[in-house]
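The values are calculated or read from the model by the stated rules, or taken from the named source; none is laboratory data. If you're wondering where the values come from, they're calculated on a predicted model, not measured in any experiment. Quick reminder, even Gly has a Cβ in these numbers, built from the backbone with ideal geometry, and neighbours come from all protein chains shown. Heavy atoms of the whole protein, side chains included, go into the accessibility calculation; ligands, DNA and RNA do not. Shrake-Rupley method; radii C 1.70, N 1.55, O 1.52, S 1.80 Å.
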Amino acid sequence: MRILMVGTGSGGEENFARTVLKPVDLGQYTDALTFTQRQLLEAKHGRFARVWGFAAKNGSSATAAAELEPGDQVWFHHDSYVHHVTEVVTVFRNRGFEDALWGGSGYRGEGFVFTLTEPQKAHISKTEMNNLLGYASGYTWQGNRLLKDQASRMLTSKVYLAI
């Protein structure tokens, strides 16, 4: 299990509230999903799923998209704190589904999407995380970053979560 750090700032708060805090009705997106994707999502989630995605063009975001897998945790952060923690259920690519979910918000990705378990509220200081990981206290987490196994184990051994 690894930890994916995902920021929800810069307008992402509304998308987070609409598609992670509140599950989306998959029945409204049947035209945007392939038959196989629809079957998988319904088998894992039923009619409603919590969904997130991000632009995976380059750097740490591209690496995270290439390596993210079911069972990894997602730590959503904004304003110096991790505010919700959840777990990845499915990972797939579908530009049409992504556009149907977030196209009107100005978000432009490449079709990288994943589904999640119910998020648990958290209040984890990014300054404390930085100290545990050996970063400068004021280090700012940019982009989406999938932490390596060792860093993920370090954080989960020091931060207790109930998920």
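Below is a table of values for the structure above.
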| quantity | calculated |
| --- | --- |
| Hits in region 142-156 (condition: at pLDDT below 85 and loosely packed, with under 15 Cβ neighbours inside 10 Å) | Gln142 |
| Boolean, Thr63 is within 16 Å of the chain's Cα centre (by Cα), under 21 Å from Pro23 (Cβ atoms) and in contact (Cβ under 8 Å) with a residue 40 or more places away in the chain | no |
| Any hit, region 116-125, residues being within 14 Å of the chain's Cα centre (by Cα), among the hydroxyl-bearing types (Ser, Thr, Tyr), at negative phi and open to solvent by less than 40 Å² (accessible area, probe 1.4 Å) | no |
| Selection within region 1-59 - within 27 Å of Leu155 (Cβ to Cβ) and of a type in the set (Ser, Thr, Tyr) | Thr8, Ser10, Thr19 |
| Any helices (runs of 4 or more DSSP H) falling wholly within region 13-111 and containing at least 3 residues that are open to solvent by 60 Å² or more (accessible area, probe 1.4 Å) and more than 26 Å from Lys126 (Cβ to Cβ) | 35-45 |
| Close pairs from region 103-124: first within 21 Å of Val91 (Cβ to Cβ) and among the hydroxyl-bearing types (Ser, Thr, Tyr), partner at pLDDT 95 or above and not in a helix (DSSP H, G or I), Cβ under 7 Å, at least 6 apart | Thr115/Ala49; Thr115/Arg50; Thr115/Val51; Thr115/Val89; Thr115/Thr90; Thr117/Thr86; Thr117/Glu87; Thr117/Val89 |
